[in-house]
Every structure is written in C-alpha cells, then in structure tokens.
Amino acid sequence: MRIGVVAVQGAFLEHEKMLKELGADCVEIRQKKDLEGIDGFIFPGGESTVQGKLLKELDLFDPIQKAIFNGMPVLATCAGLILLAEHLEQDSTTHLQTLPVTVKRNGYGRQLGSFKAYGTVDDMKNVPLVFIRAPYITEVKKEVKILSYYENRIVAVQYKNQIGLSFHPEMTKDTRIHEAFLKLVKSGKN
Ligand code: GLN
C-alpha cells in the first residue's frame, strides 16, 4: 500500500513515522506528480489557511479534490479536517469542501492551546486524544457517521472514503486509527 502524506506544511513527519511502523509505503505530496500511484492520502495538522493557499499555488487543489470525490481514501487530522469541511462556522474561507460537515476552527478557544484526553472512537476504547488549537464539528449531514464525541462535541467522523478528526493520533503511540485507515484503503483495493 502506498500512502501519500500531504507535506506542504504542518505535522506530516509524525504520520509518516506511524505509517512506516505499520508497514505502509509513504510518499510526500508536494507536487501533482507525487499523486501518481497512491492508494490513499493523509492531511496533517498545521495551519489550514496556509495549507489551503499552498495547495492552490502548487496546483494540488483540483487533482486532490477530484481524487477524493472519485473515492480515494483520505484521513484528515485537525487542520486537514478544516481543509475538507464543506462549511466553516462564521468563516467564509472554505477549501476542498468534500466532507459534508460544518467545522468550527479553534473551537476550544485560543487560550486552551492544547490538551490530552481519552475517548472512544468508533469501536476503539481508551484512545488518546491530543487536541492542539483544535477544531470540532458542529453539524453533520445525515449520511455522515459520527465516530467520536468528546464532551458532547463531535470530534471524529467518517463519510464514505473520508475520515476527519479534530485530534492528532499521530502524536501518540496508539496506532489503531492509522490501522483502521489502512484497512479502509485496503478494502478499496479489493
Ligand atoms: N487551528 C489550526 C487551524 O485553524 C488547526 C490546528 C492544528 O492543526 N493543530 O488551521
């Protein structure tokens, strides 16, 4: 399996490390030709405004959007979730708009920079949840599966081939979410 990690800005190295640990091949996506031959991709956390701008400047925006609409599996963490969101709360700077949810940026306030908690994600219990200036999801369309709530707020969803997370599994030692993503990629290949 070959996974593209969007590497224009942010915490992409941590994802690569985890993917390698799980035996997947990784390629850093920085230009259009890097998308050739991948089976799925990951959007890391970072700064969504900067990432969105760079995707356009590097001519990655349209091919990535097309690949997602065509069913390519994608795992998006934090800023990545913001990039995929169809709507942003009180914010008109939307990006790829492939995931039918509304996301609130910096949902926990700018003061509460980062914190760690534990929660259930789909059928996985006691998953470490690392939030860093994290967004959360305020609304989902009805076909979207909610995978996790933290304190009554939606922090993980799946819609067809897209998984969106408010938090950072790549910054923990728990590999279960990446394993679940690789399973999704594999199921698309069969
Ligand atoms: N607050 C950041 C943004 O709006 C996301 C933070 C993160 O990815 N850790 O882009």
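So the values come out like this:
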read-out	value
Residue selected from the range 110-131 under the condition within 11 Å of the ligand (Cβ to nearest atom) and either at pLDDT 95 or above or not in a strand (DSSP E or B) (or both), by the criterion farthest from THR172 (Cα to Cα)	ARG110
Flag for VAL74 being out of contact with any Phe, Trp or Tyr (no Cβ under 7 Å at 6 or more places or on another chain) and at pLDDT 95 or above	no
Sole exception among (1) part of a loop (DSSP other than H, G, I, E, B); (2) within 16 Å of the ligand (Cβ to nearest atom); (3) more than 15 Å from ILE163 (Cα to Cα) for ASP59, by number	(2)
Subset of the range 86-100 [in contact with a Gly (Cβ under 7 Å, 6 or more places away or on another chain) and away from the ligand (no atom under 14 Å from the Cβ)]	LEU99
Tally of residues being of a type outside the set (Phe, Trp, Tyr), under 21 Å from GLY46 (Cβ atoms) and assigned to a loop (DSSP other than H, G, I, E, B) across the range 132-172	6
Whichever residue in the range 153-190 is polar (S, T, N, Q) and at pLDDT 95 or above and, among such residues, is surrounded by the fewest Cβ atoms within 10 Å (Cβ to Cβ)	THR175
Residue in the range 66-76 that is of a type in the set (S, T, N, Q) and surrounded by 15 or more Cβ atoms within 10 Å (Cβ to Cβ) present	no
Complete set of residues in the range 1-54 that are of a type in the set (Lys, Arg) and part of a strand (DSSP E or B)	ARG2
Top-ranked residue in the range 140-190 [being hydrophobic (A, V, I, L, M, F, W, C), touching a residue at least 60 places away in the same chain (Cβ under 8 Å) and out of contact with any Asp or Glu (no Cβ under 8 Å at 6 or more places or on another chain); ranked as farthest from MET1 (Cα to Cα)]	PHE167
Lone qualifier among ASP39, ASP34 - being away from the ligand (no atom under 16 Å from the Cβ), touching a residue at least 40 places away in the same chain (Cβ under 8 Å) and crowded, with 17+ Cβ neighbours inside 10 Å	ASP39
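The values are calculated or read from the model by the stated rules, or taken from the named source; none is laboratory data. On a predicted model such as this, the values are computed, not experimentally measured, just so you know. Here Cβ is always computed from backbone atoms with ideal geometry, including for glycine, and neighbour counts include all displayed protein chains.
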